[in-house]
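Heads up, the thing below is written out as structure tokens.
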Amino acid sequence: MLRCENLVLQQGAFSLCADVVFARGKVVALIGPSGAGKSTLLAGLAGFLAPVSGRVNLDGIDVTDEEPGKRPVSMLFQDNNLFPHLTVAQNVGLGLRPDLRLTVAQQEQVTAALAEVGLAGMEVRKPAALSGGQQSRVALARVLVADRPVVLLDEPFSALGPALKDEMLDLVKSKLVAAGKTVVMVTHDPADARRIADMVALVDAGKVHAPVATDALFDNPPAALRAYLG
């Protein structure tokens with residue numbers, strides 16, 4: 001269980017408050033207007049933004065003061081965060097060891113993860129030789145080998161066409177959720193949330209609202225969500 005306890009995050013004049021719980025092994029979508037604080041929350045959960053006050057707990061363990069690399073959290077960014085000078089296998093291997101001194105067993109993990117996301121045989125390619133969808137699969141494979149219990153998605157598939165985006169969302173559902181991960185994803189598209197999210201949390205006016213079952217929220221949206229959806 002991922003818990004934000006009276007968490008306050010601040011960026012410049014903007015302040016975000018979160019006192020919510022994300023259930024273990026579920027996909028929770030964050031939805032709301034641009035600038036409402038969705039990515040700010042992910043930055044706080046990942047450790048890239050220190051809170052003004054409050055705590056972040058994972059399964060009862062306080063991780064508020066942990067550095068990003070030491071948190072049990074993986075993150076997929078909008079640009080996939082791939083290193084152009086590294087091969088596909090090396091980019092995935094970073095999820096296991098930043099120095100890339102992988103054992104034979106770890107190299108086999110990388111190969112298996114690439115096969116899981118449909119990139120078998122592409123280990124030696126560079127990111128520039130891949131399509132946008134393939135680059136997203138490399139980033140997802142890195143998350144798989146890292147094997148951390150919480151995965152944060154900051155709209156990593158937003159640049160893909162509708163069919164490819166749906167394909168990647170389905171991969172997230174089939175690979176990460178099947179592995180018991182807790183997934184928190186930012187989206188502007190209700191269709192993305194309806195496709196894979198168990199629950200949706202509205203982020204509006206500097207506040208993260210408690211997650212609500214996806215269909216229940218969209219079938220009977222509160223006023224703030226109705227205003228956003230139009």
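Residues in region 130-150 that are within 18 Å of Gly93 (Cβ to Cβ) and of a type in the set (A, V, I, L, M): Leu130, Val138, Ala139, Leu140, Ala141, Val143, Leu144, Val145, Ala146.
Whenever a residue of region 99-121 is more than 13 Å from Val88 (Cβ to Cβ), its partners that are modelled with pLDDT under 95 and open to solvent by less than 40 Å² (accessible area, probe 1.4 Å), lying with C-beta atoms within less than 6 angstrom and at least six residues away or across chains, give the pairs Gln109/Val145.
State which residue pairs qualify: first residue more than 28 Å from Ser158 (Cα to Cα) and inside region 62-79, second residue open to solvent by 40 Å² or more (accessible area, probe 1.4 Å) in any location, beta carbons under 6 Å apart, and separation of 6 or more residues or different chains. Taking only residues 6 or more apart or on different chains, the pairs are Asp62/Arg55; Thr64/Arg55. What about Val203, is it of a type in the set (Val, Ile, Thr) and in contact with a Leu (Cβ under 7 Å, 6 or more places away or on another chain)? It is true that Val203 is of a type in the set (Val, Ile, Thr) and in contact with a Leu (Cβ under 7 Å, 6 or more places away or on another chain).
Within region 179-197, being of a type in the set (Ser, Thr, Tyr) and either under 17 Å from Gly25 (Cβ atoms) or assigned to a helix (DSSP H, G or I) (or both) holds for one residue alone: Thr182. In region 1-9, is there at least one residue being in a loop (DSSP other than H, G, I, E, B) and polar (S, T, N, Q)? No, the conditions are met nowhere in region 1-9.
Taken together, the residues in region 92-131 that are at pLDDT below 95, in contact with a helix residue (DSSP H, G or I) (Cβ under 7 Å, 6 or more places away or on another chain) and among the acidic types (Asp, Glu) amount to 1. In region 75-178, which helices (runs of 4 or more DSSP H) lie fully inside it and hold 1 or more residues that are touching a Cys at 6+ places or on another chain (Cβ under 6 Å) and surrounded by fewer than 20 Cβ atoms within 10 Å (Cβ to Cβ)? The helices (runs of 4 or more DSSP H) meeting that bar number zero.
The sole residue among Leu41, Leu49 that is in contact with a strand residue (DSSP E or B) (Cβ under 9 Å, 6 or more places away or on another chain) and assigned to a helix (DSSP H, G or I) is Leu41.
May I ask you to list the residues in region 58-74 that are assigned to a loop (DSSP other than H, G, I, E, B) and not polar (S, T, N, Q)? Answer for region 58-74, where residues must be assigned to a loop (DSSP other than H, G, I, E, B) and not polar (S, T, N, Q): Asp59, Gly60, Val63, Asp65, Glu66, Glu67, Arg71, Pro72. Quick one: would you say Leu202 is under 25 Å from Gln109 (Cα atoms), surrounded by 14 or more Cβ atoms within 10 Å (Cβ to Cβ) and either in contact with a Gly (Cβ under 6 Å, 6 or more places away or on another chain) or aliphatic (A, V, I, L, M) (or both)? When the stated conditions are applied, Leu202 does not pass them. For region 198-230, the tally of residues that are in a loop (DSSP other than H, G, I, E, B) and over 20 Å from Pro149 (Cβ atoms) stands at 8. The set of residues in region 166-185 being farther than 18 Å from Arg148 by Cβ and among the β-branched types (Val, Ile, Thr) is empty. Every condition in (1) touching a helix residue (DSSP H, G or I) at 6+ places or on another chain (Cβ under 7 Å); (2) open to solvent by 60 Å² or more (accessible area, probe 1.4 Å) holds for Asp59 except the one numbered (1).
The values are calculated or read from the model by the stated rules, or taken from the named source; none is laboratory data. Keep in mind the model is a prediction, meaning the values are calculated, not measured. So basically every Cβ, Gly included, is an ideal-geometry build from the backbone, and we count neighbours across all protein chains shown. All accessible areas refer to the heavy atoms of the entire protein, side chains included, with ligands and DNA or RNA removed. Shrake-Rupley method; radii C 1.70, N 1.55, O 1.52, S 1.80 Å.
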